[in-house]
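Engineer: So that we are looking at the same thing, I have put the structure below in structure tokens.
Read-outs: derived from the displayed coordinates by stated rules, not from any lab. Keep in mind it's a predicted model, so treat the numbers as computed, not measured. Please note: Cβ atoms are built from the backbone with ideal geometry, for glycine as well, and neighbour counts cover all protein chains shown.
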Amino acid sequence: MMSLTPSRRSLLVALSVLGLAIALPSDGRAAGDLFVDDEGSDGNPGTREAPFRSIAKAAAAARPGMTVHVAPGLYPGGFKTTADGVTYRSDVPWGARIEPPPGGADIAPDIAWDNRGAGVVIDGFAVSGSTFRIGLYTTGSDSVVQNAKVHDIGTFLNGRGGAGIYGDGYYGGTNITLRNNEVFRIGPPNTKSRLVHGLYHSTTGLIANNLAHNNAGAGIHLWHDARDLVIVNNTLFQNHIGAWIGANEHYRHRGPADNITFANNIVFDNRGYGIVEGGETGRNNRYMTNLVYGNGTDIRLQNGLTATGTIAADPGFRHYARDGGGDYRPGPGSPAIGTGTAAAAPPTDRDGVPRDGAVDIGAFSHRGPPVGATAPIPPKRPSSG
């Protein structure tokens, strides 16, 4: 891999996070975008006219500043990406589907996608597969997983940890963003789990605009080195726990889960706790303007902390379906409309609707288009052969 000066690496990371692809000088360091199609070939050069067949092949050829465009189709999981500053984009949201390969994978057999690159953006993929322990895993600093649909992962796990999407600090990565994702049916069905969760985060960063439901463990789970996190405008329902905030079993950072901002979230109808602190937590965590209702126990915090601005009322979704497939926008008269705080809110909701003026609580604005938690996946294109 090429060598980058710190300033050049910082520029590439920043451009990648903003979703910008760049072309560097013709010194072999980067040369435009790459393309993947399930009717392509890994013997191709990866151009639009002659695409690669696998994401893994494109990842091996990718350089900082490139965007890897992935066409709708079915792609084998169990691969690892290591290049910094690369954007991987499903050109049709959820159209590029990652599933277990026949016979299993050799490189990352229980992880659908294992990203170690810094400044990487993984955008718009659908991931499923009961044999995977983790769907999308990223540990590179400044990496982003967004607009993904991850479901039916780890349904046979027994006594092992797993997650739909995992932002991990094990290798030292910080500032990892998980946003605009839907994660559901993670872990063995009809069970409660301390080990298998929807969204898992163990370092610094952002968790925003996600929909997590019907998971065996927590919809959002913090542990290991989690700290300095903003968790905002998520909708969590029908998990065993809505959100678990804590740290322990440390990797590198010896300290509590502290400086956590937990705001504008809907935590509703979870089977156990709604919001719960456990393990090591700090005194600087803030819980404000959340709608928490109908959980086994709504809120349990440590260190004498109290939540502020909490709304204890049914969220009044347009159509609530406990098993997914509902419309999770606030309906007419919902107490979630206009009652959030703008201080930490993302500028748009999960569907890209601007949050102008008063901010709604939850992942969706009441002004957005109809939404469902299990939107259809585009069909595979017919073969041209």
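Engineer: How far apart, in nm, are two points set 7 Å out from the Cα along the Cα-to-Cβ line at L74 and at T297?
Structural biologist: Going by the 7 Å Cα→Cβ label model, 4.5 nm.
Engineer: Ok, one more. How many nm separate the modelled label positions at R252 and R367, each set 7 Å beyond the Cα in the direction of the Cβ?
Structural biologist: Between R252 and R367, the label points sit 4.1 nm apart.
Engineer: How high is the relative contact order of the range 110-380, in percent, counting Cα pairs under 8 Å that sit 6 or more residues apart? Don't skip to the end; give the middle numbers.
Structural biologist: Values: 905 pairs, mean separation 31.9, N = 271.
RCO, the range 110-380: 12 percent.
Engineer: Okay, moving on. May I ask you to compute the full-extension gain from R318 to R160, defined as 0.36 nm times their residue separation minus their alpha-carbon distance, rounded to one decimal in nm?
Structural biologist: 53.2 nm
Engineer: Calculate for the chain the 222 nm mean residue ellipticity that helices alone would give, adding -39,500 (n - 2.57) per DSSP H run of length 4 or more and normalising by residue count, nearest 500 deg cm²/dmol. Mind showing how you got there, number by number?
Structural biologist: On the way: 2 runs with 19 residues, N = 385.
One gets -1500 deg cm²/dmol as the mean residue ellipticity at 222 nm.
Engineer: First measure r as the distance between the Cβ atoms of T308 and T191, then evaluate 1/(1 + (r/R0)^6) with R0 = 35 Å and state the FRET efficiency to the nearest 0.05.
Structural biologist: Details: r = 34 Å, r/R0 = 0.97.
FRET efficiency, T308 to T191: 0.55.
Engineer: Please arrange K149, K192 by how many other C-beta atoms lie within 10 Å of their C-beta, fewest to most. Before the final figure, lay out each step's value.
Structural biologist: Numbers: K149 24, K192 15.
Going from least to most buried by this count: K192, K149.
Engineer: Placing +1 at every Lys and Arg Cβ and -1 at every Asp and Glu Cβ, with all other atoms neutral, what dipole size does the range 110-380 have around its Cα centre, in debye to the nearest 20? Working shown, then result.
Structural biologist: Numbers: 22 positive and 22 negative charges, 49 e Å.
Magnitude of the dipole: close to 240 debye.
Engineer: Let me ask something else. Give me the number: length gained by fully extending A358 to Y171, i.e. 0.36 nm times residue separation minus the C-alpha to C-alpha distance, one decimal in nm.
Structural biologist: Once the chain is fully extended between A358 and Y171, it gains 63.4 nm.
Engineer: So what's the angle, to the nearest 10 degrees on a 0 to 90 scale, between helix 6-17 and the longest Cα principal axis of the chain?
Structural biologist: The helix 6-17 is inclined about 70 degrees to the chain.
Engineer: With each pseudo-label sitting 7 Å past Cα toward Cβ, what's the D42-T348 distance in nm, one decimal?
Structural biologist: Taking the simple label geometry, D42 and T348 are separated by 3.5 nm.
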